[in-house]
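The values are calculated or read from the model by the stated rules, or taken from the named source; none is laboratory data. All values reported here derive from a predicted model rather than from experimental measurement. Positions of Cβ are generated from backbone atoms using ideal geometry, with glycine treated the same way; all protein chains shown enter the neighbour counts. The accessibility values were calculated without ligands, DNA or RNA, using every heavy atom of the protein model including side chains. Shrake-Rupley method; radii C 1.70, N 1.55, O 1.52, S 1.80 Å.
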Amino acid sequence: MSDCKDCNPDIQVQEGEALVSQEVQGDCAVCAAVLTSSNRARWGITRPVADLVCECHMICVQDVLLICARDNQTVDIPVCVCDGTPSCRGTVVGPFVPISCEAFVTCASEELQDDCAGVDIRIGFQAIVRCDTTFVVCQTEVTRKCNFFDFFTFPGGAGFPNTAAGRREFQEIIRKIDGSCLDIEIQSCEIIDTVNPRVRITFKFVDKLWKHENLLVSAIRPYGGRLARDRDIVVKREFGPPQRIPECNGNTSDS
C-alpha cells in the first residue's frame, strides 16, 4: 500500500509530512493494520492486498467542532414499581419485590438556546421492571443543558471561560454550526429505597456540534476495482421507525 501524497505533490511538503508521520501513525496505517486475511474474509473484501491503495479523497462530511460530555447523570421514576393485585377483602396481594430493571432510550432531541450560548437537550427513557413473572413499564423524559462553558473545541480541546469574552468566542463558532450528534450511554438501571421504591437510571451523554465540510482525507477503498469504480455503487440511508430514535415531546421532568 502506498502513502497518500496526491494531496500534497510539493516535495518540501512531503518531506515535512514524513517527519510528522514518524511520531504519529498517519496515512492509512491504522486502516491497513486491521485488514488481516481473516477480517477481509469476514467483511467481504475480496480485492487483493496489492490493489488496496491509500488514496486522497475529497468528501462532504459532518465535521465536529465542539463537544460537551456529561457523565453520571441520573433520573428517577417514582411510579415505576411492582403493583399488587387487589383482593375482594380490600387487601393487596403481591408480588411486591422487583427482580430486575432494564432501561432504554426512547427519544432524543436538542435545540440551540435563544441567545446562542449553549444547547438544550431532551432525552426520553423507558424502564422495564420485572416483578416475578410480570413486568412494569414506565417512561419519562429529562432535559439537560450544555452551556457555552461546558463545551470544548475539537480537535484542540480548548474550553471557554465563563465570561463575556468566553461567550462571544463560543458564539462565533456557533455561527458555523449546522447540526448535532448526541451519543447516549445507559450506565445502570436500579431499584432504590424500599420505603419509597423508585427506579433510578444513570446515564452518560456526549453532545457533538458539527458543520458540513469538504475535507481531503487519506483512505482505502476496500470494495470494487480500479477499472470499475463507476459500477461500485454505495447506498446510504437512515433506518426508519422503530429503529430510528425520534425527537422528544412532552412528559419532561428535571433532576
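For the residues Lys145, Lys208, Lys236, a 1.4 Å probe over the protein chains yields an accessible-area ranking, largest first, of Lys236, Lys145, Lys208. For region 62-214, the relative contact order comes to 33 percent (Cα pairs under 8 Å, sequence separation of at least 6).
Considering only Ile174, Thr106, Val136, the residue lying farthest towards the positive end of the dipole of region 62-214 is Val136, judged by Cα position with unit charges set on Cβ.
Heavy-atom accessible area for Glu111, with the other protein chains in place and a 1.4 Å probe, reaches approximately 120 Å².
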